[in-house]
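Please treat every number below as a calculation from the coordinates, not as lab data. Model, not experiment: these values are computed from the prediction. Please note: Cβ atoms are built from the backbone with ideal geometry, for glycine as well, and neighbour counts cover all protein chains shown.
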Amino acid sequence: MENLKEAHCLLCGSKSYTALEKIDSSELSRLYQTEFTTVPSQVTESKQVFELQNCLFCDLQFFLPIFVGNEEFYNWISAQNLYAPNRWEFDFVLSLLDTKQRILDVGAGSGTFALKALAQGHEVIAMDYSENARNYLTKLGIKVVADFAELKRLDFEPSLVTSFQVFEHLVNPTESLEQIHLNFPKARVAVSVPNRDRTRFRKEVFDFPPHHLTRWNEKALRECFRIANYRDCSVYFEKWNKIDSSYVLAFYLSQRFYRQLGLIFRLFRFSHLGLKILALKVADKSKLYGHSMMIISDKRI
Ligand SMILES: [Zn+2]
């Protein structure tokens with residue numbers, strides 16, 4: 001276990017941070033039970049209290065002790081078929097490109113972005129540390145590498161490096177960004193993370209360890225890029241949409257009435273009823289944030 005006195009901010013290294021909230025593994029297990037039929041064994045066996053810290057310097061929020069998802073945990077995740085096939089940032093970043101790019105997609109996962117980029121005529125290489133992911137990406141016909149060393153051998157110099165929904169899983173996100181900068185200093189970089197100020201944000205089970213180790217806002221994201229020597233960054237926010245609406249309502253109902261009607265509300269989560277009618281009619285959409293935000297190292301892509 002991490003020694004709390006020696007712990008430091010996972011982004012900037014500061015030792016000045018304050019505790020915001022705590023969750024223990026039994027409460028975390030209960031959150032899993034409200035949404036899934038099984039709980040990952042890494043969670044049930046952990047017997048720990050996780051404390052959410054807020055860095056006073058860079059504003060990143062991070063959990064202590066550090067508790068990284070193991071292979072079994074990520075296999076459990078893959079078995080749930082959860083990841084959205086498409087994301088706002090995929091189309092958004094592609095809409096900014098007016099010339100053909102050489103794209104390196106770090107943490108390519110399901111390959112959805114890589115396939116979209118290829119379909120638009122860009123050259124794409126995917127990078128993923130997971131062997132399962134690499135096998136899957138290869139089957140989709142995507143060129144894939146395990147790491148920077150393997151990429152160097154291909155003599156591929158990207159003009160754009162993307163990394164979507166990856167940094168919140170990392171123990172050392174700044175180091176990962178510095179690696180990109182070190183290898184490809186001329187490439188522009190686009191990184192997306194969940195926005196912790198999103199309107200639907202409640203106690204979402206995946207926003208705790210071992211899934212997400214950190215929670216981000218614009219200040220933290222900009223600080224990460226500043227430390228890694230990127231300048232002229234732009235940050236963009238996903239807007240609230242009908243998926244957020246149904247998620248909020250289903251989440252609220254499943255938390256409140258799970259014991260009686262859990263299955264019905266878990267199914268309801270995937271319908272687009274409910275708050276779509278309620279929230280979108282009463283709320284000012286311009287002030288509601290969707291799930292993600294993205295930083296791009298230079299808007300002149
Ligand atoms: Zn910090």
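With the Cα gyration tensor of the stretch 27-109 giving a ≥ b ≥ c as the square roots of its eigenvalues, does the rule (a/c under 1.5 for rounded; else a/b larger than b/c for prolate; else oblate) give rounded, prolate or oblate?
oblate
May I ask for the distance between the Cα centers of the stretch 1-59 and the stretch 68-146, given as a whole number of Å?
If you average the Cα positions of each part, the centres end up 27 Å apart.
Order by neighbour count: His8, His181, His291, fewest other Cβ atoms within 10 Å first, most last.
Arranged by neighbour count, lowest to highest, His8, His181, His291 become His8, His181, His291.
If R₀ is 25 angstrom, what is the calculated FRET efficiency for the pair Asn70 and Lys15, using the beta carbon separation as r and rounding to 0.05?
0.35
What does the C-alpha gyration tensor say about the overall shape of the stretch 105-170? Classify as rounded when a/c is under 1.5, otherwise prolate if a/b is larger than b/c, or oblate.
The shape class here is rounded.
Would you mind getting me the FRET efficiency between Asp155 and Gln179? Use the beta-carbon distance for r and R0 = 25 Å, nearest 0.05.
0.85
Which entries of Lys100/Lys152; Lys152/Lys186; Lys47/Lys219; Lys100/Lys186 show an alpha-carbon separation above 26 angstrom in the structure shown?
Too far apart for the 26 Å limit: Lys47/Lys219.
Among the aspartates and glutamates, which have Cα under 18 Å from the Cα of Lys203 when same-chain residues fewer than 8 positions away are ignored?
Excluding near neighbours in sequence, the set is Glu21, Asp24, Glu27, Glu35, Glu51, Glu168, Asp244.
Can you put Tyr129, Tyr32, Tyr17 in order, fewest other beta carbons within 10 Å first?
By the 10 Å Cβ count, ascending, the order reads Tyr129, Tyr32, Tyr17.
For the stretch 1-141, how big is the tail of P(r) above 18 Å, as a whole percent of Cα pairs?
So the portion of pairs separated by more than 18 Å is 68 percent.
Calculated FRET efficiency, Thr38 and Thr99, Cβ-Cβ r, R0 35 Å, to nearest 0.05?
0.15
Please give me, ordered by residue number, the trypsin sites (Lys or Arg not before Pro) of the stretch 1-59 that lie in loop per DSSP and have at most 16 other Cβ atoms within 10 Å.
Listed in order of number, the matching sites are Lys15, Lys47.
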